[in-house]
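Report on the following structure.
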Amino acid sequence: MIGLSTAAVYILQTIGSLYLLIVLLRFILQLVKADFYNPLSQFIVRATHPLLKPLRKVIPSFAGLDIASLVLAILVQLVLMALVLLLMGHGVGDPLLLLVWSIIGVTALFLKVFFFALIISVILSWVAQGSRNPAAELVSQICEPLLAPIRRVLPGMGGLDLSPIVAFLILNLIDMLVIRNLAVMAGMFKGLSLAI
């Protein structure tokens, strides 16, 4: 019986985490003003549209940002955490605490998207610089708003771009000093979080 419960949690977390990532990418792509005609962007739009359409009727955009997609990401995280807690035999517990955990989880995933986009960007700069691949273009569009301010501050290094290293440091510091401390203060279960 324990093996069946563990398998159910694993399947739920895998499928739920993938959809959560897609929903959060929808928000990030709009945040960074990525090309929505990119085939990957179109897939993300189609995958999130059925759940976002009714939410948009209730939650308006703010400052040009689609807040409904961010709210949907938090709701998906909340439902996933509640289901995982139930499958683990803990019960749902305090809904307000579950909401706080969900916000922390989505924030951690937000940072991880940028972290892994930077890794992919660095690798692509070594092996496929200037690639016109839709995935490479999307990764570049995600990373550029993070790297551009750093490049303006860093002095030129003769063709060597150190801005990804600084960005990695900043993202890791935010994760270590803010996100993980918030998770501990909120009493978040280690096995519960989908993003931390």
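Under 19 Å Cα-Cα from residue 112, which aspartates and glutamates qualify once same-chain neighbours fewer than 8 residues away are excluded?
Of all the aspartates and glutamates, those that pass the test against residue 112 - Cα under 19 Å, at least 8 places apart if same chain - are 137, 144, 175.
Calculate how steeply helix 67-87 sits against the longest principal axis of the alpha-carbon atoms of the chain, using the helix alpha-carbon long axis, and give the answer as 0 to 90 degrees to the nearest 10.
Helix 67-87 sits at roughly 40 degrees to that axis.
GNM on the chain, C-alpha springs below 10 Å: top fluctuator among 48, 14, 107?
Largest GNM mean-square fluctuation: 14.
Less than 19 Å apart at the alpha-carbon level, and either on another chain or at least 8 residues along: which aspartates and glutamates does that give for residue 57?
The reachable aspartates and glutamates, counting only those whose Cα sits under 19 Å from residue 57, are 66.
Would you compute, from DSSP H runs of 4+ residues alone, the mean residue ellipticity of the chain at 222 nm, taking -39500 (n - 2.57) per run and dividing by the full residue count, rounded to the nearest 500? Can you show the working numbers first?
Numbers: 7 runs with 142 residues, N = 196.
Using -39500 (n - 2.57) per qualifying helix, the result is -25000 deg cm²/dmol.
With each pseudo-label sitting 7 Å past Cα toward Cβ, what's the residue 122-residue 86 distance in nm, one decimal?
Reported label-point gap for residue 122 and residue 86 is 4.2 nm.
What size of dipole, in debye to the nearest 20, comes out for the chain about its Cα centre when the only charges are +1 on Lys and Arg C-beta atoms and -1 on Asp and Glu C-beta atoms?
260
What is the order of 53, 112, fewest Cβ neighbours within 10 Å to most?
Fewest-to-most ranking of 53, 112: 53, 112.
May I ask you to derive the FRET efficiency for residue 172 and residue 96 from their Cβ-Cβ distance with R0 = 22 Å, giving the value to the nearest 0.05?
That pair, residue 172 with residue 96, gives E of 0.15.
We did not get these values from a lab; they are worked out from the coordinates using the rules stated. As the structure is a prediction and not an experimental result, all values here were calculated from the model. All Cβ positions, even for glycine, are placed from backbone atoms using ideal geometry, and neighbour counts span all protein chains on display.
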